[in-house]
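One structure below.
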């Protein structure tokens, strides 16, 4: 069975890529160490030389895209179950749309946060770390962090609601009284997306980019 | 007649370069016309100049001269390829070489010698074992110093013996390998030992054998002298060139290509400040350009050589003060231990420029961008105060001053008795900030793409309810 797994093209590709990546890192690291060039590995240089705009926009992009991935995944899981279950039990169609709406809410959180964060991005005129100033760096990193927070929370929230919704649809198809109980589970799942939004708002509350 | 339009590089040579001869040597397939030039050996400079300034009759007679010594010969920049050394240049070189004290000079004078002999018989095409000059090569390599003049001008008769006689103040003593053993050398006076070697014109032996025999003779003589522990200088040259190419006027073409190597730029040595005998601070820059507030032109300070008074260096601080005629440029460096990285780093704290005339001073802070571990040197292609500035003006009035150091390398600590820079920590890293930013975003997007692609690629159609033996699905065409 290992042989069958190895014969799988995906596995070979991923193994190869992972091996190439880690061996590059390892060899570069070893060379830097033995030639006493470790001082050139400078994380502070990286963090101060990369533009705060990159971080801010990465945050905005990740906020919306990861949320949408979560929502899409959830809808895909729930939707296929509703459609499949609805063949034999058409009555479940209307009631189970609420699961789809819970998944969609996650995407709405994402886009709202993305718009809120992108409104904070302003231009500044510095070019060196001293002239850019600490406030702009803080703004860039906060926006990145907020985007990451809301994105990943919504991603997992969406998946969670989707799987629970799928189970709810199929259970409803079997036994109509189960649906309301399962809806409570879905509500708990949906709350975690909201937590992400709240934390992201807190992160960007002190952001002030610009001169 | 006039001069042709082709350029002469190497302006110190008053003659036209004899480019055709070199070309002939590289293309032996061409018919080589051997004409024994019998130019009047005139010492009249004007007449000589008239003869050789003609582009249609260029003198191509040259004889190589190899010189090696068990003592150290004065250094001379190796002659540029294609440059024909004149007798005056040789005389000017031999004067300091044989100036002080008694010398024993061995002159191996072969009847004829040209560069072609080395090319043909020297095993230069990868067949070293067939070389006819093995002892010569060994002697050149094992000598403490050697000097080669690949093309010494030859104007009818060899002036080498008379030149050496004049420089050494001793008359030549004709010896050969056998009589040398019976000779007792008086090393307190200069001796000129002349050994005549034959060439292969008309002899029964092949050229290679003749040259190999000559080489044997040279080897014997040199080993004899080495055994006697006599310090000698040996010269191997020819009375005439063995192959002479003459571009006589029947060709009547203009020379199109000169093969004279252009002299390369001389590289300045670094500025070294010594403290108690050992070098302490070193600086090198291709140019130190400064621009003052009043003018908009650049002044290159690296062209002048400064005095280094008022420089100081101790274990934590180094200050290099370059005192030029009108300016003073000083570099202040400091080093200390930084606990997070647990090593010593040095920074170029400030660069100060002072104009003597007006007394104005401009000072720039360099500690932000110019740093390196204290054992290493710092090197940057461009250290400037205005474009990707590593030097920041310290106050408002200094902003009108501008500095631009090109190919700048500095070291203020860690030099231990050697005048070489330590490893140069370059200001440019392997990846720039922009490359990192591009790499991060594109790798992130690539990761997302690969993840999505993986998910889609592992979607399969359901085959749980497939029944290969059952009836296949039929879609009726009509209602």
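We did not get these values from a lab; they are worked out from the coordinates using the rules stated. Just so we're clear, the structure is a prediction, and the values are computed from it rather than from any experiment. Please note: Cβ atoms are built from the backbone with ideal geometry, for glycine as well, and neighbour counts cover all protein chains shown.
Report note on the peptides A:50-63, B:62-75, A:145-158: ranked by the mean count of other C-beta atoms within 10 Å, highest first, their order is A:145-158, A:50-63, B:62-75.
Where only DSSP H runs of four or more residues are counted, the protein assembly as shown gives -13000 deg cm²/dmol as its mean residue ellipticity at 222 nm, each run worth -39500 (n - 2.57).
Protection proxy ranking, highest mean first, for peptides A:127-138, A:185-196, B:404-415, B:463-474: B:404-415, A:185-196, A:127-138, B:463-474, where packing is the per-residue count of other beta-carbon atoms within 10 Å, averaged. Using alpha carbons only, how many degrees (0 to 90, rounded to 10) separate the axis of helix A:134-174 from the longest principal axis of chain A? Relative to chain A, helix A:134-174 is tipped by roughly 20 degrees. Per-residue mean of foreign Cβ neighbours for B:446-456 is 1 (Cβ atoms of other chains, 10 Å radius). DSSP finds beta bridges in the protein assembly as shown, and of those with both partners inside it, around 75 percent are antiparallel. Computed from the C-beta positions of residue B:465 and residue B:441 and an R0 of 35 Å, the FRET efficiency is 0.15 to the nearest 0.05. By the count of neighbouring beta-carbon atoms within 10 Å, fewest first, B:370, A:34, B:272 end up ordered A:34, B:272, B:370. The relative contact order of chain A, computed from alpha carbon pairs under 8 Å that lie at least 6 residues apart in sequence, is 30 percent.
Across peptide A:36-44, the average count of Cβ atoms from other chains found within 10 Å of a residue's Cβ is 3.
The mean count of C-beta atoms from other chains within 10 Å of the C-beta of residues in B:179-191, rounded to a whole number, is 0.
The value obtained for region A:1-71, namely the Cα convex hull volume divided by the number of residues, is 137 Å³ per residue.
Residues B:333, B:282, ranked from the fewest to the most other C-beta atoms within 10 Å, line up as B:282, B:333. Each of the peptides B:390-398, B:124-132 was scored by the mean count of other Cβ atoms within 10 Å over its residues; in descending order, highest first, they stand as B:390-398, B:124-132. Between residue B:81 and residue B:287, full extension at 0.36 nm per residue minus the direct alpha carbon distance yields a gain of 71.3 nm.
Taking other C-beta atoms within 10 angstrom as a stand-in for reagent exposure, B:136, A:19, B:329 fall in the order A:19, B:329, B:136, fewest first.
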